[in-house]
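Reviewing the structure listed below.
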Amino acid sequence: MNGKKGNCCIEINIPSSATKAGKKSCGNGFSCKAWIWNVWEFCKEDSNRVLFSFKAGLAVLLVSLLILFEAPYEVFGTNIIWSILTVAIMFEYTVGATFNRGFNRALGSLLAGILAIIVAQFAIRAGRIAEPFIIGASIFLIGTLTSFIKQWPSFVPYEYGFRVILFTFCLIIVSGYRVGNPIKTSMDRLYSIAIGGFVAVFVNVLVFPIWAGEQLHRELVKGFNAVADSLEECVKKYLEDEESEHPEFTKNVMDDFPDEPAYKKCRTTLNSAAKLESLAGAAKWEPPHGRFRHFFYPWSEYVKVGAVLRYCAYEVMALHGVLHSEIQAPYNLRSTFQSEIREAANQAAKLVKSLGEDIRDMKRSQKNPLIKKVHSSTEKLQRAIDTHSYLLTSISETPDTFSKPSLPSKLSLSLSSTPYDFSSQLANLDSNNQEKDSNPTIQNIPLGTLPLPRTESYHETMRKQSRRLHSWPSREVDAFEEEGGSNTDLLPRMAALESTAALSLATFTSLLIEFVARVDHLVEVVDKLSKMAKFKHEVL
């Protein structure tokens, strides 16, 4: 309802009853639309999840038909229920994991059946009185041994098999004791387990198979792209002159960077170790398939490549830490090395993406030109840091050291430190030189006491450049003025803050150079993988 009175406007929004009914139908605090959207996003992220669910339902249905139809039920009786249990336990996401689980299931059931028959026969011959004691002691012994052995490091991959031995042995020998025919009971259950295992493998392999090897291959390539994209994203944001307010430190700790999508992917790469090892372990059980057509494919090398890639990702995360740290170098100081930093980062990212493309296409290409470009750009960055190192350390040095650089060095120092008028600075330098020549007393004055306007201009720049002070602890520049004190007391404090902020740039560049050094190791392991996996040579 809208009402107007003069220039005033009053608007009253009354929700319709249909809207209220719609909200109530989904319950308090629960949105059906949001839930459906989350399910859709979950399925869209990996369409194989839906496919796997339908395949598992089909496998369980096929085994259940043995009970629903009378003919097979009369042959196996109630023991056919073990087929359903076997399918529910064996059916895994990938073909390799299903083979692995099936091997453990089959071997464990076979060993448990043999042990149960041996113990049952021995207990029957021992007499009716000693039989329950022997069965109880055997259950205790088998439970203790299997629980201990499955904790041994070399037997951890077969932990499920020892669990199968334990519960299958107990069920067979206890039911055989009550029924009176342990051999027939164990054989019927072994047949049922074999039927369930066959159905699980049959459906998983022949109906839209999901191969662990393909999953591992894609995950590794995805990691290469994530690290390269995150590196480019980090360097681009670091070299930008951001006038907007920086995010709060608490948000940085929570890793909440909505404007950095590649950062989240790189962080996922760091947590992919367990996933890669699991996929590699499952892929070893798979037969030759698709592009992986030879036996004994080196799946373990994928894990090694992923480990080296994570070490490169650690450096990228460290660069992100410098990007979002409280101590920041001024933009005009970062712009001094802007071209060298950008070139080194782009060449390194290009090399990492090229390695990922080689693995994706399963080819071996010449990387020497790219490696030379990466090394050349990195050396150029190192030379720039070495040549202009006084920009990072001159504030903390003694005044005598300022007289060492030549006139061009002084000019670059002035350009990279403050944005104020360069022509006035030249005039000041010329006037100072003339006064020194005309007045012999001024010649004895150290040169470090001359650039007073430089520090004052930096003071103004720090106040105008951004809303937070690029120093630690985080305090506004005006706080120094409120404390009182002379201008001579303020200058050392500002000089110390400027020197500390400049060290942030040195940290960023050193981490970037370390990333390039680790990429060299990444090239080596990828080359080793390409040789062992017999990748095709790229035709030039």
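Here are the numbers for the structure shown:
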{"read-out": "Area accessible to solvent at Val75, 1.4 Å probe radius, in Å²", "value": "110 Å²"}
{"read-out": "Label-point gap, in nm, between Tyr311 and Lys237 - each point 7 angstrom along Cα→Cβ", "value": "2.7 nm"}
{"read-out": "Estimated inter-spin distance, Asp361 and Ser510, nm [label 7 Å along Cα→Cβ]", "value": "3.9 nm"}
{"read-out": "Accessible area (Å², 1.4 Å probe, nearest 10) - Val156", "value": "80 Å²"}
{"read-out": "Options Gly290, Gly321, Val308, ranked by Cα towards positive dipole end of segment 281-327, top entry (Cβ charges)", "value": "Gly290"}
{"read-out": "Rg/Rg_ref, segment 262-349, where Rg_ref = 2.2 N^0.38 Å and atoms are Cα", "value": "1.58"}
{"read-out": "Rounded D (µm²/s) - segment 39-187, Kirkwood Rh over Cα pairs, Stokes-Einstein at 37 °C, 0.692 mPa s", "value": "187 µm²/s"}
{"read-out": "Burial order of peptide ranges 43-50, 354-361 (average beta-carbon count within 10 Å, highest first)", "value": "354-361, 43-50"}
{"read-out": "Whole-number percent relative contact order across segment 25-177, with pairs defined as alpha carbons under 8 Å at least 6 apart", "value": "21 percent"}
{"read-out": "Within-14-Å neighbourhood charge of Phe167 [Cβ basis; K, R +1; D, E -1]", "value": "+3"}
{"read-out": "Ala126-His294 FRET efficiency (beta carbon distance; Förster radius 45 Å; 0.05 resolution)", "value": "0.25"}
{"read-out": "Mean Cβ neighbour count within 10 Å, used as a protection proxy, ranking 65-74, 229-238, 504-513, 270-279 highest first", "value": "229-238, 504-513, 270-279, 65-74"}
{"read-out": "Nearest-0.05 FRET efficiency for Lys184 and Asn271, computed from C-beta distance (R0 56 Å)", "value": "0.65"}
{"read-out": "Solvent-accessible surface (1.4 angstrom probe) belonging to Ile118, in square angstrom, nearest 10", "value": "100 Å²"}
{"read-out": "Debye, to nearest 20: dipole size of segment 269-358, +1 on Lys, Arg Cβ, -1 on Asp, Glu Cβ", "value": "240 debye"}
{"read-out": "Protection proxy ranking, peptides 88-94, 201-207, 531-537, average beta carbon neighbours within 10 Å, highest first", "value": "88-94, 201-207, 531-537"}
{"read-out": "Asp188, Asp520, Asp386, reordered so the largest accessible area comes first (probe 1.4 Å)", "value": "Asp386, Asp520, Asp188"}
{"read-out": "Unit charges at the beta carbon, dipole of segment 75-227: most positive-side option, Pro209, Gly223, Ile139", "value": "Ile139"}
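The values are calculated or read from the model by the stated rules, or taken from the named source; none is laboratory data. A quick note: this is a predicted structure, and the numbers were derived from the prediction, not measured. Neighbour counts run over all protein chains shown; Cβ positions are idealised from the backbone, glycine included. When the accessible area is computed, the model is the full protein with side chains, heavy atoms only, and any ligands, DNA or RNA have been set aside. Shrake-Rupley method; radii C 1.70, N 1.55, O 1.52, S 1.80 Å.
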